[in-house]
Amino acid sequence: MAKHRIDVRGRIVPNDYKWFYEWLEMDCTCTRDVSSVLDKMAPGDEVDVYINSPGGVIDVGSEICTLLRQKSETNPVNIFITGEACSAASIIACASHCAMAPTALMMVHCVSSGISGNHTDMEHMAEVLRTADRAICTAYMAKAGMSEEEALEMMEHETWLTAEQAKERGLVDEIIFENKSEPMPMVASYGLFELPTAEQMDRVRAMMAKGETPEPAPVDEKALAQCQLNLLNTKLI
């Protein structure tokens, strides 16, 4: 028996859009990413699914959820929300047994769409969206045992949930680390860590395209020593 891993990271997109996100070096997940792993699994194999996604195309999220639910009928499927599971990603989180990090967030809301046209087009789209909401809310109903009215009300209010709130509503099964007596370890110092700006990333991309190598920045010995000290004081799992 083997253990497999699936990462649901970044936007949830159709298969034929994935190349574009990869070209931009942006995280994304499509149905093929999931099915390619599931198709390799033998009877008895286990799969861990890690979610950190703001959501995306709802029918893709529904398809991924369905694939995972089907696989859970024959193989162990473990889902972990490590960052956020919003919108379409929250649907995926309902596919099987789900554990949520205490620092993670879940968000559920109504389906949305961009449309232009006359009043007839708008009225028709409103009905389509209401129908889509009723279809999507069945995932929350199946997972948490809530009624359609309760699920739709939660979606109407664009509800953001902590791990504890998601567990109370039955949308997740457990909270990661909740049964450990030790506090959750930190893996970085928030005061020191910053993501690069878009300008910095664009500058590096342009240099890479020209085959240039960025000059190393001057080293601040004092700051470097402080970083090393912080790392030594950091507990890693």
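The values are calculated or read from the model by the stated rules, or taken from the named source; none is laboratory data. Since the structure is predicted, the reported quantities are computational estimates derived from the model, not experimental observations. As a convention, Cβ positions derive from the backbone with ideal geometry for all residues, glycine included, and neighbour counts pool all protein chains shown.
Below is a table of values for the structure above.
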| item | result |
| --- | --- |
| Glu174 being surrounded by 10 or more Cβ atoms within 10 Å (Cβ to Cβ) and either at pLDDT 75 or above or assigned by TED's automatic domain parsing to the domain that holds Ser72 (or both) | yes |
| Answer from Cys94, Cys86 - the residue that is among the hydrophobic types (A, V, I, L, M, F, W, C), touching a residue at least 60 places away in the same chain (Cβ under 8 Å) and surrounded by 17 or more Cβ atoms within 10 Å (Cβ to Cβ) | Cys94 |
| Criterion (outside any strand (DSSP E or B) and either among the β-branched types (Val, Ile, Thr) or surrounded by fewer than 20 Cβ atoms within 10 Å (Cβ to Cβ) (or both)) met by exactly one of Pro43, Pro54 | Pro43 |
| So Gly83, is it within 17 Å of Thr159 (Cβ to Cβ) and either in a strand (DSSP E or B) or in contact with a His (Cβ under 9 Å, 6 or more places away or on another chain) (or both) | no |
